[in-house]
Each structure stands twice: as structure tokens, then as C-alpha cells.
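Notes follow once the structure below has been shown.
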Amino acid sequence: MRSLFISDLHLTPGRPDITRAFLRFLEQDAPTARQLYILGDFFEYWIGDDVMDEFHLQIAGALRRLSEHGVSISFMHGNRDFLVGERFCQLAGCTALPDPSVILLAKEPVVLMHGDSLCTLDTSYIRFRKVVRNPLIQKLFLSFPKRMRRKLADRLREKSMSAAREKTEPSMDVTPEAVTDALTQYQSKTLIHGHTHKPAIHDLEDGQQRIVLGDWDTYGWVLEHNPNGFDLKKFTI
Ligand code: LP5
Ligand code: MN
């Protein structure tokens, strides 16, 4: 029984190599799994389900084929694609997965998160997150013409990249307190998240572990859980 976890593919028509690697993964690796968990930043960014084009439909179609093959697919939002809505999920045969969520793996509770909310030292991001996750602000944004939405999203990406250059290394990572809080709250020993682009399996105190998924760029990353435990797999894109 295999469960697979991926995040931070940042799919975009501008990176056909990553798209190809993902479609290959869906055809060659994923069909023998029982579940596929997508833990955020699946797309480079998302400005509304009404802006889907051929590219997005191709991705949705490929996911749907996997779900029709019997693999259950769960989709969690990231900080880039939190506007992915019901329409995409329906087309793709995915179930929306709230952040955080707890699942059972080998009868043990495991916490799943995208990871951005664990970066509690990044105060300007936490403020920004509060604003863009406000349903009224999202409704307003989604009422804007598509071209304007795209322009705003591009501006935000630019701002984000210039802000990142000013930030310190610790503020771009999760804080141990936020990790402990999440594990304690859900009485779990394992947390799986993405976002930081620092793939690793960290063994913590008291048998706790934090597993960080990798972003897809030069390499792709898939976390597998099988009867032998966890395996963080890396492959060339
Ligand atoms: O994703 P990553 O790793 O590059 O950076 C994140 C944080 N940045 C973001 C912003 C996204 O990249 C932008 C995505 C566009 C979404 C499209 C939909 C838009 C809808 C909006 C309305 C509902 O998430 C970054 C973190 C980093 O992770 C590490 O954790 O540091 O956070 C920031 O950069 C936020 C800045 O600190 C503050 C940003 C100030 C923005 C000011 C707005 C100015 C107005 C510009 C014109 C619209
Ligand atoms: Mn992210």
C-alpha cells in the first residue's frame, strides 16, 4: 500500500520540462499508489478557475485519469495557488484538503501542511497572508478582469522576490515552536510539509519527525510511504 506526497511543482507553461516530468510521474509511478497528496504550490500561481486554458485543462485531465484509475487525489492549497477552486478540483477528480489536515498512515496520525504558516518569523508574509486569505478580498480580486488579475499577480511575484532578497535565512524557514505546536495540537509524531524548498527527513526529539518535500526544478521529489516507512525520492527532471 503506497501513499505519495508531492508539493511545490510550480507548474507553468514556461517550464514544459517540469510538466513533462509530472505527466510521466502520473503515468509511471502514481497508478500503483492508493493515494496521492498534493501539498500546495502545485501551480506557479492561480488567479481563478475561470482563467483555465489548454495547459490547465491538460493537467486536470491527467489527474482525472489517475483518479478514474482508482487513486484518490487530495489537493491542498499553497501560498501561490490558494485560489484553486471547486471547478478545477471537479475537473481533476481531486478532493480539497484543508491546511492543516491529519491523516492516518499505518494507523498513526500524520499532520499535513503546506508549510507557509509555520514560518512565523516572516512577519511581513504572515501579515500579507492574512490579507490575501480574507474571503472578501478574494471575492473582490476574482471580480476583476482577467488581465488585471494577471498583472496584479505578476506584481505580487516581483514584490515577493525582491522582499526575499532582504529577508534573513531563519525567517525563510519554519520555526521549531510552530512545528511542536502543530504536532502537539494533533497528537501526532509526524509532520509533512513543503514550501521551504529544503527537502529532508528531520528526526526530532521524542521520536517526532518533520518531513520536508522538495520543489521541482532541476530535480523532482516524491515522498512515498509504504509498509517499510517513508522514502523521500529524488529524480532528474
Ligand atoms: O512563494 P515564494 O516562495 O516565492 O514566496 C513566499 C511568500 N510570497 C508569497 C507571494 C506569492 O509569491 C505571490 C503569488 C501570487 C498569487 C496569485 C493570486 C493573487 C491573489 C491576491 C488577492 C486575493 O506568498 C513570501 C515568503 C516566502 O514564501 C517564504 O516563506 O517570504 O512572502 C512575501 O514575499 C510577502 C512579503 O513579505 C510582503 C509582500 C508585500 C506585498 C505588497 C503588495 C504591494 C502591492 C503590489 C501590487 C498588487
Ligand atoms: Mn509555498
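Numbers below:
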{"item": "Filtered residues of region 85-124 (kept if in a loop (DSSP other than H, G, I, E, B), within 16 Å of ligand 1 (Cβ to nearest atom) and either closer than 21 Å to R2 by Cα or open to solvent by less than 10 Å² (accessible area, probe 1.4 Å) (or both))", "result": "M113, H114, G115, C119"}
{"item": "Exclusive hit being on the phi < 0 side of the Ramachandran plot, in contact with a His (Cβ under 8 Å, 6 or more places away or on another chain) and not small (G, A, S), set V84, V71, V51", "result": "V84"}
{"item": "Selection count, region 176-199, where residues are within 16 Å of the chain's Cα centre (by Cα) and either of a type in the set (G, A, S) or more than 20 Å from I6 (Cα to Cα) (or both)", "result": "1"}
{"item": "Conditions (1) over 28 Å from K233 (Cβ atoms); (2) of a type outside the set (F, W, Y); (3) out of contact with any helix residue (DSSP H, G or I) (no Cβ under 8 Å at 6 or more places or on another chain); (4) within 16 Å of ligand 1 (Cβ to nearest atom): number failed by L39", "result": "(1)"}
{"item": "Candidate set: region 64-84, residues that are in a strand (DSSP E or B) and closer than 13 Å to S7 by Cβ; chosen: the one farthest from the chain's Cα centre (by Cα)", "result": "S74"}
{"item": "Residues of region 68-82 that turn out to be among the polar types (S, T, N, Q) and open to solvent by less than 30 Å² (accessible area, probe 1.4 Å), as a count", "result": "1"}
{"item": "Meets criteria (within 20 Å of A21 (Cβ to Cβ) and open to solvent by 70 Å² or more (accessible area, probe 1.4 Å)) for R65", "result": "yes"}
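Matching residues to (1) touching a Pro at 6+ places or on another chain (Cβ under 9 Å); (2) within 16 Å of ligand 2 (Cβ to nearest atom); (3) open to solvent by less than 60 Å² (accessible area, probe 1.4 Å):
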{"residue": "V132", "(1), (2), (3)": "no, yes, yes"}
{"residue": "Y186", "(1), (2), (3)": "yes, no, no"}
{"residue": "T190", "(1), (2), (3)": "yes, no, yes"}
{"residue": "I201", "(1), (2), (3)": "no, no, no"}
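The values are calculated or read from the model by the stated rules, or taken from the named source; none is laboratory data. Please read these numbers as outputs of a predicted model, since none were measured by experiment. Neighbour counts run over all protein chains shown; Cβ positions are idealised from the backbone, glycine included. SASA here: full protein model, heavy atoms, side chains in, ligands and nucleic acids out. Shrake-Rupley method; radii C 1.70, N 1.55, O 1.52, S 1.80 Å.
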